[in-house]
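These notes concern the structure reproduced below.
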Amino acid sequence: TGSSWIPKRMHRKGDKFAVLRESAPEADGLSSHRIEEMMQRESYIVQGKLEIFEQVAIYLLERYGEKGLEERLAHFEVSWEEQYAKHGPELILALGEMTDTQMESPFVNHRGYINKKVAKEAIRQVRIRGKNQ
């Protein structure tokens, strides 16, 4: 007899598979609670992204004026997609925190692109705080 692949915490008196059944998804694939959590998370992500885009538009308008604003915003969107693909929701957390102090440490350059060094440092700080919690 070798060791079992079932974790020891599941080797209890009674039904060994109760834990698996309790955490199993409903027949449609996901529990209603899980779907609700996913929808709320997605809502937060969209809301955070919109707030960041609004703040960046205001910053670029105030700093550089209306001339070239559309081009700068297009550059920001391209840069955003690239950085979001790389860092995911941590980018929203990091840049969201920076929008309040954006004038002190701008994460957008004069062409509208995200300053990768500034964003990377902000994401690093978010990760450090996450580990310390």
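From the Cα trace of the range 25-92, what convex hull volume per residue do you get, rounded to a whole Å³?
98
Once you've got the Cα coordinates, tell me which of 67/117; 67/120; 49/120; 49/116 are over 20 Å apart.
As for pairs spanning more than 20 Å Cα to Cα, those are 67/117; 67/120.
Bear in mind that the values in this text are calculations on the coordinates, not laboratory data. As the structure is a computational prediction, the values presented were derived from the model and not from experiment.
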